[in-house]
Amino acid sequence: MSKIRHGGFLALLGALVAGCAGAPDLAMFETVEWHETPDAAVAIDALPLRSGDIIVTEVDTAMSFMMALMADRYAPFVHAGVIVVDDGEPYVYDAFATVWPLLGRAPTRAMSGKIRRVPLARYLKRPVVAAIARAPDATRAAAVADFARQAYRDGLPFDSYFALETADAVYCTEFVAQALSNAGVTLPGPARRSRNRSLNVAFDWLGIETSGFWLAGDLIAPLQPVVRFSRTLSPAAIDARFALKAELHRRFTDEQALGNVFRWTGTGPRIRDHIVALYDDAVALAAAGAPDSAITELVAEHLGPGPEPTARLAERATSAPTPSPR
């Protein structure tokens, strides 16, 4: 393993999320260089895993980008689960739902799922960016693992409407938040729902009335950092990815339209070409070791000057969450 490289996009990311309560310090995570092998277990053996570890992930999809805009502040990663080592094999327990086609109606009405148990090797088949963090002590880690096992045995259902007010159904990050809180880990608390008008039209259509969301990055902020890794991206590319998403969130003010970031097709949202081009160019610059100034200029070239960072950070600071109870 090697320490995460500092500078470039990681420094930019630090500046962008400085006002976000609960944001994890990605510089504390070591990076595993993932080498693809015919047997995925070979690569997984390089991960220092323990029962009760928390894994957070995301993939390069339009929905991943959209989910990063749903709350009034940014935190990296969009999905979360609990790692449990059963009979020597690591599994991921997470809240997962399948969306069935339902023409003309909100997809939330066609979602169904519950807590599932997936071998980690299969869980990591997709080209994810992932990080693993650990509870402060063995007792709390064991409590997290026990909570996950029990929720799986109980068939705890998936919450299609992301409601914070009920505990009898959960979405992925809410499930992990419950596991950690049950184990006595104090969390930053849910982030408030975005006030963006365009996004709230989408929320209304989906029937999502919640006041806020649990963010995956917030869940690992109070934990002990372990590793981060990707099968397809270099450490510099990972840094670029998160910094770009943080900057898109900063620029997605209340009056911005979702159509400025996404285009809509018969199969769902697609990221607009100029955002994809920015991402590709930014990753290439970061991989080449470009200075922060070059990367900042690139973002301005693609997206324009944007709002003043200090104003947006001050706005976020006033809406920071309060710690959740144990």
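The values are calculated or read from the model by the stated rules, or taken from the named source; none is laboratory data. Bear in mind that the values here come from a model prediction, so they are computed numbers and not experimental data. Methodologically, a virtual Cβ is constructed for each residue, glycine included, from the backbone with ideal geometry; neighbour enumeration extends over all protein chains shown. Heavy atoms of the whole protein, side chains included, go into the accessibility calculation; ligands, DNA and RNA do not. Shrake-Rupley method; radii C 1.70, N 1.55, O 1.52, S 1.80 Å.
Quick notes on this one:
- Checklist (1) among the charged types (D, E, K, R); (2) more than 16 Å from Phe65 (Cβ to Cβ); (3) in contact with a strand residue (DSSP E or B) (Cβ under 7 Å, 6 or more places away or on another chain) applied to Asp254, failing item: (3)
- Test: Val78 is open to solvent by 10 Å² or more (accessible area, probe 1.4 Å) and either modelled with pLDDT of 90 or more or over 25 Å from Ala221 (Cβ atoms) (or both): yes
- Identity of the residue in the range 159-182, small (Gly, Ala, Ser) and open to solvent by less than 10 Å² (accessible area, probe 1.4 Å), that ends up nearest to the chain's Cα centre (by Cα): Ala177
- Residue, modelled with the highest pLDDT, within the range 41-56, restricted to residues that are part of a loop (DSSP other than H, G, I, E, B) and charged (D, E, K, R): Arg50
- Any chance Asp254 is more than 19 Å from Ala62 (Cα to Cα), surrounded by fewer than 23 Cβ atoms within 10 Å (Cβ to Cβ) and not polar (S, T, N, Q): yes
- Note on the range 57-84: among residues that are in a loop (DSSP other than H, G, I, E, B) and of a type in the set (Gly, Ala, Ser), the one that is nearest to Asn196 (Cα to Cα) is Ala68.
- Scanning the range 184-202 for residues that are more than 17 Å from Arg73 (Cα to Cα) and open to solvent by less than 10 Å² (accessible area, probe 1.4 Å) gives a single hit, Val185.
- Taking the criterion of being open to solvent by 60 Å² or more (accessible area, probe 1.4 Å), closer than 17 Å to Lys245 by Cα and not in a helix (DSSP H, G or I), the only residue of the range 271-294 that qualifies is Arg272.
- Considering Ala216, Ala284, Ala246, the condition of being without any contact (Cβ under 8 Å) to a residue 24 or more places away in the chain, of a type in the set (A, V, I, L, M) and within 19 Å of Asp60 (Cα to Cα) is satisfied by Ala284 alone.
- Note on the range 203-232: residues that are more than 16 Å from the chain's Cα centre (by Cα) and open to solvent by 10 Å² or more (accessible area, probe 1.4 Å) total 10.
- For the range 257-274, taking the residues that are in contact (Cβ under 8 Å) with a residue 40 or more places away in the chain and out of contact with any Ser or Thr (no Cβ under 7 Å at 6 or more places or on another chain), the one that is farthest from Val299 (Cα to Cα) is identified as Gly268.
- Test for Ala130: is it open to solvent by less than 30 Å² (accessible area, probe 1.4 Å), part of a strand (DSSP E or B), in contact with a strand residue (DSSP E or B) (Cβ under 9 Å, 6 or more places away or on another chain) and modelled with pLDDT under 95: yes
- Condition broken by Val85, with the remaining ones in (1) in contact with an Asp or Glu (Cβ under 8 Å, 6 or more places away or on another chain); (2) β-branched (Val, Ile, Thr); (3) surrounded by fewer than 16 Cβ atoms within 10 Å (Cβ to Cβ); (4) touching a residue at least 24 places away in the same chain (Cβ under 8 Å) satisfied: (1)
- Out of Gly268, Gly259, sole residue that is farther than 22 Å from Val82 by Cα, in contact with a Lys or Arg (Cβ under 9 Å, 6 or more places away or on another chain) and open to solvent by less than 50 Å² (accessible area, probe 1.4 Å): Gly259
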